[in-house]
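> I have a structure I would like to understand better, so I am pasting it below and will then ask my questions one at a time.
The values are calculated or read from the model by the stated rules, or taken from the named source; none is laboratory data. Quantities reported herein were computed from a predicted structural model and do not represent experimental measurements. No Cβ is skipped: glycine too gets one built from the backbone with ideal geometry, and neighbour counts run over all protein chains shown. The area values use the complete protein model at the heavy-atom level, side chains included, leaving out ligands, DNA and RNA. Shrake-Rupley method; radii C 1.70, N 1.55, O 1.52, S 1.80 Å.
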Amino acid sequence: MQFKFTRRLTLVVAAMAAMSAMTAVTAPVNAQTTPAIPAGKQMRIIVPYSAGGTSDILARKLAQKLGEQMGRQVIVDNKAGAGGTIGTDATVRGDADGTTILLHSGAIATEPGIKAKLPYDVTKDLVAVTTVVRGPFALLVSNSLPVKTVPELIAYAKANPGKVNYGTPGIGTSVHFASEYFKAAAKAPITHVPYKGASASLTALMSDEIQMVIDPLATAKKYAEAGKMRAIAVTTAQHTNLWPQMPTVAEGGVPGFDTAVWYGMYVPAKTPAAIVQKLNQEMVTILQSDDMRKWLSNEGLEGVGDTPAQSQAFLAKEIERWKALAKTAGIQAE
């Protein structure tokens, strides 16, 4: 009996020693196989628009912060053209290792509804890192239009068919969709006048060539406070700390009205989940910093920093929302 017990004990000890040795060998291997952004490889944030716009300015700020925080070089790569399609396609085809990142506006959600053929499917070929920022649009009217509230604007448009024209930076832009959303929700007979760029539509509003414009808050507030046009509401469901005294469109008799400027961050679909999560954590830290919050506030934006899953779900919901509007309003890409 003693012999059998001793033998069993010896076998148990040997087995435990073997397991310990195996753990010692495999632990470093498992650590090495955890996906990570390649060290020493340049990271780039692709912006599908030209330099100088809001997307570009935001991307450069994020690239600076991300580079400082991660201790590596992060550049901005402007790939403009085809309404954002070229830059988005470059991201889809880019390296799926965390070094290729796309920063796109809400237009990424409107494209599928107005373009019959895209070289990619944003819900399948891209993975969301986070919804970076969100900010209200402001509803602006010309100083000569005899309205000071949303109910007065709607009433005036209905009483004067054909006399309220609204301007946008172009067909299919996020401003165009926001304006058509207002038209449908308010049942207001207003007419679209597309321009080549936001500045052209604002100039037209100041000269009474058109009567209404929906524009991102940062720019709108500057013009309104300078007395060049009148702001009558913000487009988000809730009041914004960026302009607390401004009422919402929903409060003006358009229940449930809610739309905003937003920017999201995406990577190629095959990017490992661990890398997506790492980028998300880095972005959340940046967005929660006091200096970034202050900078965003000056730009009329607020940080979001949701999870990859939440951001992916938000994108899918926005795509379906704007597809439906594009169909009912007859919006098609030029």
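> Tell me, what is the per residue accessible area of the chain in Å², probe radius 1.4 Å?
Using a 1.4 Å probe on heavy atoms only, each residue of the chain averages 48 Å².
> Would you mind computing, in nm to one decimal, how far apart the modelled labels at Ile57 and Thr328 are, each placed 7 Å from Cα along Cα→Cβ?
3.4
> Please give the contour-minus-distance gain from Ile86 to Asn165: 0.36 nm per residue of separation, less the Cα-Cα distance, rounded to one decimal in nm.
25.3 nm
> A further question follows. Give the label of the value calculated from the structure for volume of the Cα convex hull per residue in Å³, choosing from (i) 189; (ii) 150; (iii) 180.
It is the value labelled (iii).
> If the only charges are +1 at each Lys and Arg Cβ and -1 at each Asp and Glu Cβ, what is the size of the charge dipole of the range 187-334 around the Cα centre, to the nearest 20 debye?
I would put it at about 280 debye.
> Mind checking which of Ala51, Ala90, Val133 is farthest towards the positive end of the chain's charge dipole, using Cβ charges of +1 (Lys, Arg) and -1 (Asp, Glu) about the Cα centre?
Ala90
> Moving on to the next point. Gln238 versus Val193, label points 7 Å from Cα toward the beta carbon: distance in nm?
Here the modelled spin labels are 3.7 nm apart.
> So what J values fall out for the range 194-203 if you push phi through Karplus, 6.51 cos²θ - 1.76 cosθ + 1.60 with θ = phi - 60°, rounded to Hz, Gly and Pro as x?
x, 10, 9, x, 5, 4, 5, 5, 5, 4
> Given 0.36 nm per residue, what is the gain on full extension from Glu68 to Ala309 after removing their alpha carbon distance, in nm?
84.1 nm
> Measure off, as a whole percent, the carbon and sulfur share of the 1.4 Å-probe accessible area of the chain, all protein chains present.
56
> Give Lys221/Lys317; Lys228/Lys317; Lys41/Lys61; Lys158/Lys327; Lys294/Lys327 a once-over and call out the pairs whose C-alpha atoms are over 32 Å from each other.
Lys228/Lys317; Lys294/Lys327
> While we're here: Could you give the nm distance between label points at Asn143 and Arg293, where each point is 7 Å from its Cα heading toward the beta carbon?
3.7
> Could you pull the accessible area for His192 with a 1.4 Å probe, rounded to 10 Å²?
Using a 1.4 Å probe on the heavy atoms, I get roughly 40 Å².
> Right, here's the next one. If you place +1 on the Cβ of every Lys and Arg, -1 on the Cβ of every Asp and Glu, and leave all else neutral, what size is the dipole of the chain about its Cα centre, to the nearest 20 Debye?
Roughly 760 debye, rounded to the nearest 20.
> Distance between Cα centroids, the range 259-301 to the range 310-334: provide it in whole Å.
22
> Follow-up. Calculate one ³J(HN,Hα) per residue across the range 134-149 by plugging θ = phi - 60° into the Karplus curve 6.51 cos²θ - 1.76 cosθ + 1.60, and present them in order as whole Hz with x for glycine and proline.
Result, rounded to whole Hz: 8, x, x, 8, 10, 8, 10, 10, 5, 4, 7, 6, x, 9, 10, 9.
> Quick check: residue separation of Lys228 and Glu320 times 0.36 nm, minus the Cα distance between them. What number comes out in nm?
29.5 nm
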